[in-house]
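Here is the structure we will look at.
A short reminder: the numbers here are calculations on the coordinates, not readings from a lab. In this text, all values refer to a predicted model and were calculated from it rather than measured experimentally. Counting neighbours? That spans all protein chains shown, and the Cβs are built from the backbone with ideal geometry, glycine included.
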Amino acid sequence: MEREREEDEQRLTLLLTELLAEQRERVLVDPDWAEEDRILIEELEPVLLEVALREARRTVRKVEAQKQDGLFDRVLAWVARYTFDLVTGINQTTRDRLAEVLEQYVDRTGMTLGELNEAIGFIFTPERANTIAVTELTRAYGEGVKAAAEELNSQGAPMLEIWHTNNDELVCDECGPLDNTQRGEDWESYPPLHPNCRCDVVLEMA
């Protein structure tokens, strides 16, 4: 599972790094943000669907449920709703940061073109791509588990949803207290709780 997660993160980070690099070339020449939204949705939607559906199916198999009829529809409905909001947020952040950098260039006497290009470059870095990848994979994994819980509940197999961290020195102060706690009592919203969050949710029979 951990190896698979690392591979997912590497794959999505590489994809986002390429997408941001290509986007930089376009928006600095002739920005069309509606088209930028379309490109990112087209690239990211299949990845989120694959990851969330895989996790949903794996979770259902763990509790030895026989039926998985509604999983695909549940996951697909989430992906269709969420991907637009995700992409809009990514691109709005890019637009805001670009506007801020260009404003600083106009207002700051003596700022060179080299310094401007360097400032713009920070908006499209692999580090930003990695943060998005880690955060959104955590969300996709969580939504897969949520879909599994809903499917099992609909089949008369009520499940408890339990927050899970690695319980090590890397766990932050926000997530640490939630480890091994139950949805509805100690928390409501699935991970991620913050950027770069790697927490997950596990199901237990009620």
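Just a few scattered comments:
- For segment 81-118 versus segment 32-52, the inter-centroid distance based on Cα atoms is 21 Å.
- Largest GNM mean-square fluctuation across 36, 55, 22, computed for the chain with C-alpha springs under 10 Å, falls on 22.
- Inter-probe distance in nm under a simple model that places probes 7 Å from Cα toward Cβ, at residue 170 and residue 127: 1.8
- The chain: most fluctuating residue of 131, 112, 165 per GNM, C-alpha cutoff 10 Å: 112
- Qualifying GluC sites (Glu not before Pro) in segment 119-194, where qualification requires a DSSP coil assignment and no more than 16 other C-beta atoms within 10 Å, comprise 169, 174, 185, 188.
- Computed E for residue 155/residue 34 - FRET, C-beta separation, R0 45 angstrom, nearest 0.05: 0.60
- A convex hull fitted around the alpha carbon atoms of segment 2-157 yields 106 Å³ per residue.
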